[in-house]
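Worksheet for the structure shown next.
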């Protein structure tokens with residue numbers, strides 16, 4: 001996997017995750033600016049994910065990704081209007097569908113291109129194939145839910161009367177995505193153990209990178225999600241926001257390491 005593929009996947013994963021998390025808050029009384037900010041962030045990430053292959057001249061990848069990204073960006077642009085909560089939810093759902101289409105095309109291209117030297121014959125098992133397809137989507141959910149939770153935590157400084165239920169919901173969403181990503185990574189390691197052994201991932205340096213990805217990008221943020229839940233039981237949104245800020249940085253680092261492992265092993269670990 002070259003830097004173009006990695007950058008494209010990273011941007012599309014962020015866009016999918018931010019849109020999914022924002023959609024979960026579509027009916028919350030957060031004000032139009034909140035949704036414009038997150039919609040604009042997601043649109044920028046998806047657009048970057050679509051433009052990178054185009055700039056690199058990868059026409060086969062650029063066309064399907066651009067189609068999904070175009071739908072996502074146009075739908076996010078609708079958030080600039082003062083939409084009712086139902087219309088906002090519809091725009092976010094359409095944007096998420098477009099971003100998922102773009103991410104699906106990018107993931108399919110990565111596997112068909114044999115990223116990391118992965119043999120196509122190893123993708124015959126439908127369960128293994130499902131794990132490989134779901135992993136990047138859930139990775140986006142991890143990054144997006146933690147980042148949106150952090151932004152939402154800051155919103156309690158602007159709207160102090162905002163019910164804590166919204167931040168609890170987003171923290172639960174983030175914890176669920178982290179557990180899901182942990183399960184998918186474990187499933188991929190078990191399903192492709194022979195391949196990973198041949199590629200040297202179970203040697204000291206490979207285990208160091210895999211351990212860094214698991215600890216920094218998943219395990220520590222899971223612990224932080226528990227700490228956030230504890231602080232929210234005491235109504236302390238400022239401490240929760242600080243923890244979420246640290247968690248946002250960790251999941252971004254973890255996903256960057258995960259993409260590096262994808263490039264070397266051919267598997268979205």
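The values are calculated or read from the model by the stated rules, or taken from the named source; none is laboratory data. Because the structure is a prediction, the values reported are computed rather than measured. For neighbour counting, all protein chains shown are included, and Cβ atoms are generated from backbone atoms with ideal geometry for every residue, glycine included.
So that you can scan it fast, the table gives a plain yes or no per residue for (1) closer than 23 Å to residue 146 by Cβ; (2) free of Cβ contacts under 8 Å to residues at least 24 places away in the same chain; (3) surrounded by fewer than 24 Cβ atoms within 10 Å (Cβ to Cβ); (4) not assigned by TED's automatic domain parsing to the domain that holds residue 138:
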| residue | (1), (2), (3), (4) |
| --- | --- |
| 14 | yes, no, no, yes |
| 21 | yes, no, no, yes |
| 34 | yes, no, yes, yes |
| 65 | no, no, no, yes |
| 92 | yes, no, no, yes |
(message) If the requirement is being touching a residue at least 24 places away in the same chain (Cβ under 8 Å) and out of contact with any strand residue (DSSP E or B) (no Cβ under 7 Å at 6 or more places or on another chain), which of these qualifies: 213, 203?
(response) 213
(message) Given the criterion touching a residue at least 40 places away in the same chain (Cβ under 8 Å) and more than 30 Å from residue 127 (Cβ to Cβ), identify the matching residue among 225, 191, 174, 147.
(response) 147
(message) Among the residues of segment 224-243, are any within 26 Å of residue 266 (Cβ to Cβ), out of contact with any strand residue (DSSP E or B) (no Cβ under 8 Å at 6 or more places or on another chain) and surrounded by 15 or more Cβ atoms within 10 Å (Cβ to Cβ)?
(response) no
(request) Look through 92, 54 and report the one residue that is modelled with pLDDT of 80 or more and either part of a helix (DSSP H, G or I) or touching a helix residue (DSSP H, G or I) at 6+ places or on another chain (Cβ under 9 Å) (or both). (result) 92
(request) Determine whether segment 196-212 contains at least one residue that is crowded, with 19+ Cβ neighbours inside 10 Å and either in the same structural domain as residue 31 (by TED's automatic domain parsing) or under 18 Å from the mean Cα position of the chain (by Cα) (or both). (result) no
(request) Could you pull out the residue among 218, 188 that is under 14 Å from the mean Cα position of the chain (by Cα) and assigned to a helix (DSSP H, G or I)? (result) 218
